[in-house]
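A short worksheet on the structure shown next.
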Amino acid sequence: MRSIARASRTSTSQRLPTCLLSPLITRSRIPPIPTSRNVRHFATSFSEESSASIIPPVIDMANPHKETGVKPHFRKILIANRGEIACRIIRTARKLGVNTVAVYSEVDKGCMHVEMADEAYCIGPAPSSESYLDIDKILAVAKATGAQAIHPGYGFLSESSVFAERIKHAALVFIGPPIPAIKSMGSKRESKEIMTAAGVPCVPGYHGSDQSLSALSEGAKQTGYPLLIKPTHGGGGKGMRIVRDPRSFQDELESAKREAIKSFSNDEVLLERWLEKPRHVEVQVFADTKGNCVALWERDCSVQRRHQKIIEEAPAPGLSSDFKRDLAEKAVAAAKAVNYVGAGTVEFIMDAETGEYFFMEMNTRLQVEHPVTEMVTGIDLVEWQLSVAAGNPLPLTQDRIPCIGHAFEARIYAERPESNFLPDAGKLLHTKAPVNVPHRLETGFWEGDDISSYYDPMISKLIVHGPDRSSALSLLRSALGEYQVVGPSTNIEFLKAVAGHEVFAAGPVETSFVPTYHDDLFPARSIPKEVLAQAALYLTLRSEKLHKSLPSSPWTNLVNRRFGDSSIKSYKIDNHSIEIVELDSGYSVIIDNEQPIKISSSHLDGEVDMISQVGHSHLKSTVIPVQVQGKQGEEKLHVFSNTSHYTLSVQPTLSFTDQSTSSISSSTSSDKLISPMPATVIEVRVKPGDQVAEGQVLIVLESMKMEISIRSSRDGIIDNVNVEKGKVVEENEVLVELTLALEKPVE
């Protein structure tokens, strides 16, 4: 049991504001890596035993240096972040004997990083502007707890020069680059000017400081179409827009600026020539305060959706040794041009057709995808960060940086790929990490935690390492096939399709890979009969187990039994009629009155795992039942079978007719435009009586810092507008009702 104690009274100089006097959570050191599934599960786990065989030996800097003048590690650091990156930093800090302080919002109470840290403070409500972005509260916690340094992780305040400056003025150490470097590289416009002067090639486009519509429109003409609108501050694909038609430039520009101001508090943008077949290749650099800087090889991050990476690998495939060397030299030159210190990533865009490459930006923080670099170099990058921030030199020179084998990382998101990758949210009802594949899994959630719509929807990162690309990719496919998540929708099935695609397996791909092979990556799925049979058998075995647990009586033996020689159970699953006939030995499964499937034996191994014998084959499945809210008797069965995840609907055996529903659905003269997800209305562009055209934007929503435009499905007249600016709407809530112009009643 963890102990919860109130923060002891502090002196006036250390006392926290009233809003910060939440319970201070302390606990004895817990193992950084769970090895079994107990009552309270990790959402994912890092298999210590299996991972040991695939991670190259980590260069250990915990041992005392022989030379004099080497500075010790910090005694205590505060981690100004949440989720998997906070947990990742805590693990390394624990290895080095560094105490950690976590901060958390009200909705993150009880999350993994809160429980792993030595101390944890609540710093405000769920909105990040009132918690993880509140510099005053974070610094107050750091001062009160005696932290010597602050690690920002990635996202939130990690690339804020204001935050770094405030930390410096508080006499604390910012575990990151110098303030001038953050400012210079934080502005994509200024960074390109610096890179050009340093001899690093940059993408042609408009990088001017004049942000007027006329200047940007003229810049667009000079750049040419297609072009990319990109915020000069921030990253993660937010605010980026590809414009192919000059007529849509102004609308896309305004939308990009709105998204940028919300995400980065700065709406300045630049324009770049859009390469039709670009690759995203980046170089991990590391520098110290002594003037040393090294490149830790490159990563390829070309598999993207919505301009955000989803699969990364190291090293980048298909590049010659000379090309890699030149890329690394340019990355080091970029870092030295701004007197960089710490971990940074120099991102390049490469023309897959010509081989030209251009500087895109420099991320002045640890990247989400840093584990693939760690896997091929054997270097703990967080350990290097802590050492360099303490004032120590880099432990290795460029010629001693290894590159061993190949590594992949797949980002597991709560999202719906089939709905244009809209983010999802909800409780993690069931999670099970791969058990037969060596892997590394980074997460910040326990099973039972909520994936909140307030933050990024990433659940975890799955990392594998092999002796070569082919072997590593095979491990990635196997690990994805074993990974189970039930709750919010995820992109796991989509990632399986990417990892299994022959073009991706062949080598390098462009950033347009997902839209180019959309049909291959989203094939029409049919439910195999074996899966339907397993689902029905699960319901049967569950029912039998339940009745066996009841007190014995003649009546319990008559449940679902017809008076004859055999017991027959009937189910309606995904509109299939299925009958299970119990035989003297095994079962017969009849699906839609077709030829029976003979099941020699079937049994539950625990509550959700089942094994069936069909001929000479063993069918192993995990079945997770989820009750459908508001629909009595209906449930969803999540069936994990043969490395695939199927979601099946189980309907009650009795049917009911809802007259109100049928009357609504029978109406064909009006359209009801609904919200595709929980969101906030940020703009209402129409009112009742307005005439609208097909494709016209009617409502603009925002969820997880992403804008969603609700467009008219056809020409018509607005009947009703059911929302107003600022309203929080639920998924499937009706926003606007549209009537055909010709059918509008005459007043």
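The values are calculated or read from the model by the stated rules, or taken from the named source; none is laboratory data. Since the structure is predicted, the reported quantities are computational estimates derived from the model, not experimental observations. So basically every Cβ, Gly included, is an ideal-geometry build from the backbone, and we count neighbours across all protein chains shown. Just the protein is used for accessible areas: all its heavy atoms, side chains included, with ligands, DNA and RNA removed. Shrake-Rupley method; radii C 1.70, N 1.55, O 1.52, S 1.80 Å.
The apolar share of the surface of the range 418-511, taken as the fraction of accessible area on carbon and sulfur atoms (1.4 Å probe, ligands and nucleic acids excluded), comes to 47 percent. Got a number for carbon plus sulfur as a percent of the range 84-125's accessible area, 1.4 Å probe? Exposed carbon and sulfur together represent 45 percent of the surface. The mean accessible area for residues of the range 262-310, using a 1.4 Å probe and ignoring ligands and nucleic acids, is 30 Å² per residue.
At a probe radius of 1.4 angstrom, the accessible area of the range 420-549 per residue rounds to 37 square angstrom. Dimensions of the range 438-483 from C-alpha coordinates, computed as largest minus smallest value along each principal axis and given longest first, are 39, 17, 14 Å.
For 721, 114, the ranking by accessible surface with the largest value first comes to 721, 114, using a 1.4 Å probe. Packing order of peptides 293-302, 324-333, 194-203, highest average first: 293-302, 324-333, 194-203 (average count of other Cβ atoms within 10 Å over each peptide's residues).
Rg ratio for the range 77-134: its Cα radius of gyration over 2.2 N^0.38 Å, N being its residue count, equals 1.04.
Under 24 Å of direct C-alpha separation, and excluding same-chain neighbours fewer than eight residues apart, residue 620 reaches these lysines: 432, 496, 529, 545, 548, 569, 572, 598, 636.
Note on the range 292-399: Kirkwood hydrodynamic radius from all Cα pairs is 14.8 Å, rounded to one decimal. The rule of thumb for compact globular proteins, 2.2 N^0.38 Å, goes into the C-alpha radius of gyration of the range 256-342 1.32 times. Ranking 439, 645 by solvent-accessible area of protein heavy atoms (1.4 Å probe, all protein chains present), from largest to smallest, gives 645, 439.
Rolling a 1.4 angstrom probe over the protein heavy atoms, how many square angstrom per residue are accessible across the range 335-412? Before the final figure, lay out the partial values.
On the way: 1900 Å² over 78 residues.
Normalised by residue count, the accessible surface of the range 335-412 is 24 Å².
The packing ranking of peptides 250-262, 226-238, highest mean first, is 226-238, 250-262, where packing means the average number of other beta carbon atoms within 10 angstrom of each residue. Per the Kirkwood formula applied to alpha carbons, the range 366-439 shows a radius of gyration over Rh ratio, Rg over Rh, of 1.11.
Heavy-atom accessible area, probed at 1.4 angstrom with all protein chains present, ranks 416, 189, 525, 273 as 525, 273, 189, 416, highest first.
Give me log10 I(q)/I(0) at q = 0.14, 0.31, 0.32 Å⁻¹ for the range 678-728, Debye formula, one equal scatterer per alpha-carbon, no solvent. So the normalised log intensities are -0.34, -1.19, -1.22. Between the range 209-259 and the range 373-390, the C-alpha centres lie 37 angstrom from each other.
If the viscosity is 0.890 mPa s and the temperature 25 °C, what Stokes-Einstein diffusion coefficient in µm²/s follows for the range 324-472 when Rh is the Kirkwood radius over Cα pairs? D = 134 µm²/s. Using a probe radius of 1.4 angstrom, the carbon and sulfur fraction of the accessible surface of the range 186-281 is 49%. Divided by 2.2 N^0.38 Å, where N counts the residues, the Cα radius of gyration of the range 151-294 comes to 1.15.
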